[in-house]
Amino acid sequence: MAIERTFSILKPDATRRNLTGAVNAKIEKAGLRIVAQKRVHMTRGQAETFYSVHSARPFFGELVDSMISGPVVVQVLEGENAIKTYRDVMGATNPANADAGTIRKEYAVSVGENTVHGSDAPETAAIEIAQWFAGNEIVG
Ligand code: CMP
């Protein structure tokens, strides 16, 4: 299995409740390595660009408002099959449907405040990583 990278966000509901370390512990326990990480407060424009694929959805405004409501931690995670590994440890988008032991089951507040984001495919991972990190900020 090839080593892969994925992009992660610890969302404002996570930083507000001081869960950065708890979520990072889950990530590392799943075998993923945090090879880049920084805390940022997204501008509205950055959040709209990041979630532009969802711009026609009825929840888009709520999603953007939520993502700029406080600081986030953006990350690059590296490991075997990193995209699927991280999606498995995150759990379902709606915490009501998330499996026991997943980040969203344990920590998410609602589908809108679901604690973490992870890329869904290699192409989106590359785009998302490039929005937030220069190549020399990622140290594997
Ligand atoms: P994320 O993995 O960051 O990708 C898009 C986000 O949109 C998703 O997590 C949820 O936080 C949010 N989302 C998806 N569906 C809904 C919904 N029905 N209402 C509010 N937010 C949603």
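General remarks:
- Scanning region 64-83 for residues that are surrounded by fewer than 19 Cβ atoms within 10 Å (Cβ to Cβ) and in contact with a His (Cβ under 9 Å, 6 or more places away or on another chain) turns up 68, 70, 71.
- Inter-residue pairs, beta-carbon under 7 Å, first more than 10 Å from residue 95 (Cβ to Cβ) and in region 108-119, second part of a loop (DSSP other than H, G, I, E, B), 6+ apart: 112/59; 116/11; 117/11
- Residues in region 84-124 that are touching a helix residue (DSSP H, G or I) at 6+ places or on another chain (Cβ under 6 Å), open to solvent by less than 40 Å² (accessible area, probe 1.4 Å) and of a type outside the set (Val, Ile, Thr): 90, 91, 95, 98, 104, 108, 112, 114, 118, 119.
- For first residues located in region 36-47 and closer than 20 Å to residue 78 by Cα, partners that are open to solvent by 60 Å² or more (accessible area, probe 1.4 Å) and in a helix (DSSP H, G or I) and lie 6+ apart or on another chain with Cβ distances below 8 Å form the pairs 36/137; 38/137.
- Complete set of residues in region 39-63 that are open to solvent by 80 Å² or more (accessible area, probe 1.4 Å) and closer than 17 Å to residue 126 by Cα: 49, 53
The values are calculated or read from the model by the stated rules, or taken from the named source; none is laboratory data. Predicted model, so just to flag it, every value in this text is computed and none were measured. Neighbour counts are summed over all protein chains in view; Cβ atoms, including those assigned to glycine, are modelled from backbone coordinates with ideal geometry. Accessible surface areas use protein heavy atoms only, side chains included; no ligands, DNA or RNA. Shrake-Rupley method; radii C 1.70, N 1.55, O 1.52, S 1.80 Å.
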